[in-house]
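In what follows, a single structure is set out as structure tokens and then discussed.
The values are calculated or read from the model by the stated rules, or taken from the named source; none is laboratory data. Predicted, not measured: the structure shown is a model, and the values here were computed from it. All Cβ positions, even for glycine, are placed from backbone atoms using ideal geometry, and neighbour counts span all protein chains on display.
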Amino acid sequence: MALLAVENVTRRFGGIVALADVSLALEKGQIVGLIGPNGAGKTTLFNLVTRLYRPNSGRILFDDKDLTRTPAYRIVRLGIARTFQNVVLFQHMTVLENLLVGAHSRLRPFSGGRGRKQALQMLEYLQLGEFGERLPGGLPFGTLKRVELARALAARPTLLLLDEPAGGLNHEEVGELADVIRRLRRDFDLTILLVEHHMSLVMSVSDRVHVLNFGRKIAEGTPGEVQANPAVIEAYLGAESVDAA
Ligand code: ATP
């Protein structure tokens, strides 16, 4: 049984069809890449899974539960956490407090310090210890992205949605990110859906890759299969080559 199954999902915004009859499935423990040119519908899919949007038709099942009938605030409690394309942190809270929000989003009230323990553990895991008492304002962008990732992990998810984690990072940071993503799966028993424009990163960490173009799924397969697919090459022509670093 798939951990996440997106079944024939369509989402429109007025006259714009952001997703048209899209299906994809993630098996437990997989890292799955979701790629496509700008405006292909990748973030819309994340927003549908996390219930910021409702589909016009189709179903999304997580662990056999129908997410389209689940209120947004329950999504994280079910075990789904995400990061955002543009880092979204609570600016008036310290880095540690941001992580505490993540940790407490899945805990019951009066959980006897467990939230703090989980937040501190993630602070150390992502080497953010020295920033714990700092406000996000003024921290380097790469650090802010790690804070956002740590906040998602502090909720102890089973499914992690990463929306362009490499966006805005320098070459060295992108290289480190590939290792971080692989370690996350191993250390926290995670299943990961990764939206990313950085092709060498997607192709190096993903077990399978799905490709969207103008809201439609045009290809699915192993990284090698997708890179050799003529429809994918055509979709990217003029934008970037799928095998470019
Ligand atoms: P990018 O790689 O540039 O982030 P994307 O693949 O994530 O693109 P989406 O952000 O999902 O693409 O957008 C898909 C289409 O839906 C685009 O045409 C976009 O303008 C439209 N769209 C997305 N969200 C909304 C919204 N809230 N209102 C109106 N149109 C929207």
Residue count, the stretch 40-91 (criterion: touching a helix residue (DSSP H, G or I) at 6+ places or on another chain (Cβ under 6 Å) and aliphatic (A, V, I, L, M)): 4
Answer residue from the stretch 1-12, given it is charged (D, E, K, R) and surrounded by 17 or more Cβ atoms within 10 Å (Cβ to Cβ) and is farthest from the ligand (Cβ to nearest atom) among those: Glu7
Hits in the stretch 152-187 (condition: in a loop (DSSP other than H, G, I, E, B), closer than 27 Å to Gly39 by Cα and of a type outside the set (A, V, I, L, M, F, W, C)): Glu164, Pro165, Gly167, Gly168, Asn170
Failed condition for Gly15, given (1) among the small types (Gly, Ala, Ser); (2) under 18 Å from Phe214 (Cβ atoms); (3) surrounded by 14 or more Cβ atoms within 10 Å (Cβ to Cβ): (3)
Count of the stretch 52-98 residues which are within 16 Å of the ligand (Cβ to nearest atom), closer than 27 Å to Leu126 by Cβ and charged (D, E, K, R): 1
Within the stretch 76-89, tally of residues that are in contact (Cβ under 8 Å) with a residue 24 or more places away in the chain and either over 15 Å from Ala154 (Cα atoms) or touching an Asp or Glu at 6+ places or on another chain (Cβ under 7 Å) (or both): 7
Residues of the stretch 105-129 that turn out to be surrounded by 15 or more Cβ atoms within 10 Å (Cβ to Cβ), of a type in the set (Gly, Ala, Ser) and either on the phi > 0 side of the Ramachandran plot or in a helix (DSSP H, G or I) (or both), as a count: 2
Failed item, numbered, when Val147 is tested on (1) under 26 Å from Val49 (Cα atoms); (2) at pLDDT 90 or above; (3) assigned to a loop (DSSP other than H, G, I, E, B); (4) not charged (D, E, K, R): (3)
Residue count, the stretch 15-51 (criterion: away from the ligand (no atom under 15 Å from the Cβ) and farther than 19 Å from Thr83 by Cβ): 5
